[in-house]
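Only one structure is covered here, and it is reproduced in the block below.
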Amino acid sequence: MFFSLRLAALTLSTLFISHVFGMPLVKREQLCNGHAGLCERKYGNTTFVGAHDSFAYSSNPFALARTQEVDVTAQLRLGVRLLQAQAHMFGKDLNFCHTNCFLFNGGKVKDYFGKVKYFLDRHPNEVITIIIANPENVSAEVWQPIFETSGLAAMAYAPPQTPMSREDWPTLRELLDAGKRLVVFMDKGAEGRTVPYLLPQFTMMWEDEYDPTDPEFPCKVDRTSGPLTPPQQLNLINHNLNIDLMPIGNGLRIPDRLDSPRTNGIYRITAHANHCASLAGDRYPNFVLVDFVNIGQAVTAVARLNGFPY
């Protein structure tokens with residue numbers, strides 16, 4: 001009797017809230033990455049906001065190698081759903097570092113993965129992508145135990161074949177229902193797929209210019225490989241503006257923090273996406289990679305690319 005009365009009271013309270021605010025209540029399990037409208041959207045036809053060198057955060061304005069001002073947990077809470085990071089061996093440990101671990105050391109990969117797992121456990125309706133730059137070609141067998149120990153391996157999606165075209169990917173709802181809410185790409189070391197969920201980035205995806213310095217962000221296919229054509233592949237736009245301090249030779253580029261409110265504005269992100277659309281089969285990019293995700297309107301811009309007003 002008591003239980004029935006309590007249940008009735010909760011039902012009446014829910015109806016009252018819905019009536020007062022003039023909107024139907026959407027069940028949490030109906031949302032996929034924050035929008036019910038994304039649930040039936042294929043992963044390959046969805047746009048995600050990404051944090052470039054997501055580990056390289058500092059609030060110190062004199063830390064010139066930083067690319068972010070808030071840590072990975074704060075980035076995820078802001079709406080970032082692509083985490084990009086570069087890995088290097090540092091002694092016996094695999095660390096996320098910028099160029100090398102003496103320039104900017106973001107700490108051990110296993111600790112970073114622990115933060116991602118913590119977020120995923122507490123946000124069951126989110127699909128997250130990790131793109132790993134692996135310049136030292138660290139073996140997939142080194143990566144595998146770190147993924148397994150962190151618990152991320154059980155969440156990682158292993159596609160039925162490689163490469164996957166944009167249309168081959170499951171919907172976000174299908175990924176959530178299967179419990180495979182993490183997609184992992186690696187630029188080197190995953191070509192043989194010895195670890196099924198570590199996916200070779202450039203057979204699946206193309207990028208435009210890396211470390212751009214032109215605020216107009218003209219677009220061209222820069223890095224790709226494999227049998228798929230660019231319109232068939234996923235694509236990523238490097239929307240992280242840099243300043244070239246030494247334009248002679250290989251140059252010395254650092255993130256342009258002063259321009260980040262404009263760089264991460266809706267106009268520039270949308271314009272960049274439009275510049276690349278003709279190379280992607282007249283579709284918006286899958287990933288918009290930015291520096292300083294806490295500055296500007298990158299999350300709102302990506303929501304609009306997905307067809308939502310905010």
Using modelled amide H (1.01 Å from N, peptide plane; none on Pro or chain starts), what sits under 5 Å from the amide H of Leu199, excluding residues fewer than 5 places away? Val184, Phe185, Met186
Per GNM of the chain with C-alpha springs under 10 angstrom, the most fluctuating residue out of Ser54, Ser225, Ser260 is Ser225
Spacing of the two label points (7 Å from each Cα toward its C-beta) at Asp214 and Ile254, in nm: 2.5 nm
Please name whichever of Phe104, Val116, Gln68 sits farthest to the positive end of the charge dipole of segment 67-116, dipole taken about the Cα centre and charges placed at Cβ: Lys and Arg +1, Asp and Glu -1. Val116
Per residue of segment 51-65, in order, report the coupling 6.51 cos²θ - 1.76 cosθ + 1.60 (Karplus, θ = phi - 60°) as ³J(HN,Hα) in whole Hz, putting x for Gly and Pro. 9, 6, 6, 4, 7, 8, 10, 6, 8, 7, x, 8, 7, 5, 7
Dipole magnitude of the chain, debye to nearest 20 (Cβ charges: Lys/Arg +1, Asp/Glu -1, about Cα centre): 960 debye
Diffing segment 217-233: the Karplus 3J(HN,Hα) column from phi (6.51, -1.76, 1.60, θ = phi - 60°), in whole Hz with x for Gly and Pro, holds 6, x, 10, 8, 6, 10, 10, 6, 7, x, x, 6, 7, x, x, 7, 8
Report the Cα-based extents of segment 52-117 along its three principal axes, largest first, to the nearest Å. 33, 30, 14
Translational diffusion of segment 115-270, µm² s⁻¹ [Kirkwood Rh, Cα pairs; Stokes-Einstein; 20 °C; 1.002 mPa s]: 122 µm²/s
Filter the chain for me: DSSP H helices, axial length by Cα at least 18 angstrom, mean Kyte-Doolittle hydropathy not below -1.0. List them by residue number. 2-21, 109-122
Net charge near Lys42: determine it from the other residues with C-beta under 13 Å of the C-beta of Lys42, scoring Lys and Arg +1 and Asp and Glu -1. 0
Most mobile of Asn60, Asn134, Asn294 per a Gaussian network model of the chain (Cα springs, under 10 Å)? Asn60
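No value in this document is a laboratory result; all are computed from the given coordinates. If you're wondering where the values come from, they're calculated on a predicted model, not measured in any experiment. No Cβ is skipped: glycine too gets one built from the backbone with ideal geometry, and neighbour counts run over all protein chains shown.
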